Amino acid sequence: PAPAGPVSPDPLIRLPTEAKEVVLTIDDGPGPLTERFLAVLEAEEVPAVFFWLSGSRSLPLAAEVVRQGHQIGTHTVSHPRLLQLQPGEAAAQITESQAALEAAAGVPVRFFRPPYGEHDRQIREIAAARGMSTVLWTVDSRDWALADDPEQIVANVLQQVKPGALILIHERAQTLAVLPDLIRALREAGYTFIPLPEPDPLPRAVASDG
């Protein structure tokens, strides 16, 4: 894919809408559970954004994710704490993962999520220069900590959800177990699932003043 023009480095935390629309974002794949997550999403007819680590051996699944109507963003190559790396190393984690994911998926990758949610303007500018919006989250399910209490994942999301929310979950077994319940609970609360809007290119004057 051709590189996209630069976009805003401002982080996206929530969509600017009062409609009861949410975006389901799924971190830390691809891996052994990816195909099972895809099966649930297909059965429930829910679009999702997968934030993937390009160092995974399961990267060929990217084309299938896109074919099923989902989006892919980069979560770096290997999930480091970017602020603890030299700038060149941090940039490589972002740009190399974008290139690998684009090659595997066959579509442009327009979204970047920093590991641990740790970022600064320099990190966001690296992504923005390559056409990627830095995507954070509104609702943290804390699913990674709830292997013994998966129902709490659903409760955590329902407690925090609001219009335009970006919901953070991970490719974990406990999350997979309650994913159908989570989807149905949000729908019963009146929410619909939407894709993440692609970031707008910056006006040329803004981009060149830079």
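Would you check which residues across the stretch 9-53 are assigned to a loop (DSSP other than H, G, I, E, B), of a type in the set (Asp, Glu) and buried (at least 20 other Cβ atoms within 10 Å of the Cβ) and list them?
Filtering the stretch 9-53 for residues assigned to a loop (DSSP other than H, G, I, E, B) gives 9-11, 13, 15-20, 30-33, 45-47, 53.
Now restrict to residues that are of a type in the set (Asp, Glu): 10, 18, 45.
Matches in the stretch 9-53: none.
With Ala129, Ala147, Ala155 as the choices, which residue is in contact with a Pro (Cβ under 7 Å, 6 or more places away or on another chain), of a type in the set (A, V, I, L, M) and either modelled with pLDDT of 95 or more or surrounded by fewer than 22 Cβ atoms within 10 Å (Cβ to Cβ) (or both)?
Working: Ala147 fails: in contact with a Pro (Cβ under 7 Å, 6 or more places away or on another chain); Ala155 fails: in contact with a Pro (Cβ under 7 Å, 6 or more places away or on another chain).
Of Ala129, Ala147, Ala155, the one residue that is in contact with a Pro (Cβ under 7 Å, 6 or more places away or on another chain), of a type in the set (A, V, I, L, M) and either modelled with pLDDT of 95 or more or surrounded by fewer than 22 Cβ atoms within 10 Å (Cβ to Cβ) (or both) is Ala129.
Could you list all residues from the stretch 133-165 that are among the polar types (S, T, N, Q) and over 29 Å from Ile94 (Cα atoms)?
Narrowing the stretch 133-165 to residues among the polar types (S, T, N, Q): 133-134, 138, 141, 152, 156, 159-160.
The answer is Gln152, Asn156, Gln159, Gln160.
Would a scan of the stretch 78-97 turn up a residue that is crowded, with 16+ Cβ neighbours inside 10 Å, at pLDDT 95 or above, within 20 Å of Leu38 (Cβ to Cβ) and among the β-branched types (Val, Ile, Thr)?
So far as the stretch 78-97 goes, no, none of its residues is crowded, with 16+ Cβ neighbours inside 10 Å, at pLDDT 95 or above, within 20 Å of Leu38 (Cβ to Cβ) and among the β-branched types (Val, Ile, Thr).
Would you point out which residue out of Leu166, Leu136, Leu182, Leu186 is touching a strand residue (DSSP E or B) at 6+ places or on another chain (Cβ under 9 Å), more than 21 Å from Ala39 (Cβ to Cβ), among the aliphatic types (A, V, I, L, M) and crowded, with 19+ Cβ neighbours inside 10 Å? Don't jump to the end; show me each part of the working.
Values: Leu136 fails: crowded, with 19+ Cβ neighbours inside 10 Å; Leu182 fails: more than 21 Å from Ala39 (Cβ to Cβ); Leu186 fails: more than 21 Å from Ala39 (Cβ to Cβ).
Criteria check complete, one pass: Leu166.
Consider the stretch 98-126. How many of its residues are surrounded by fewer than 19 Cβ atoms within 10 Å (Cβ to Cβ) and among the β-branched types (Val, Ile, Thr)?
Number satisfying all stated conditions: 1.
Would you please list the contacts, defined by Cβ atoms under 7 Å and residues six or more apart or on different chains, that run from a residue in the stretch 28-40 that is touching a residue at least 40 places away in the same chain (Cβ under 8 Å) to a residue that is among the charged types (D, E, K, R) and crowded, with 21+ Cβ neighbours inside 10 Å?
From the stretch 28-40, the pairs are Asp28/Glu171; Gly29/Glu171; Gly31/Glu171; Leu33/Glu171; Thr34/Glu171; Phe37/Glu171.
Looking at the structure I just gave you, is Gly73 at pLDDT 95 or above, under 19 Å from Ile167 (Cα atoms) and in contact with a Phe, Trp or Tyr (Cβ under 6 Å, 6 or more places away or on another chain)? Walk me through it before giving the result.
Values: at pLDDT 95 or above: yes; under 19 Å from Ile167 (Cα atoms): yes; in contact with a Phe, Trp or Tyr (Cβ under 6 Å, 6 or more places away or on another chain): yes.
Yes.
Restricting attention to the stretch 119-127, does a residue exist that is more than 16 Å from Phe50 (Cα to Cα) and among the acidic types (Asp, Glu)? Show your work before the answer.
Within the stretch 119-127, the first condition is being more than 16 Å from Phe50 (Cα to Cα), and the residues that meet it are 119-127.
From the residues that got through so far, the ones that are among the acidic types (Asp, Glu) too are 120, 125.
Yes, there is a match, as at least one residue in the stretch 119-127 is more than 16 Å from Phe50 (Cα to Cα) and among the acidic types (Asp, Glu).
Under 7 Å by Cβ, and 6 or more places apart or on different chains, what pairs join a residue from the stretch 91-117 that is without any contact (Cβ under 8 Å) to a residue 60 or more places away in the chain with one that is among the basic types (Lys, Arg)?
From the stretch 91-117, the pairs are Thr95/Arg130; Gln98/Arg130; Pro115/Arg81; Tyr116/Arg81.
The values are calculated or read from the model by the stated rules, or taken from the named source; none is laboratory data. In this text the structure is predicted, and so the values were computed from the model without any measurement. For neighbour counting, all protein chains shown are included, and Cβ atoms are generated from backbone atoms with ideal geometry for every residue, glycine included.
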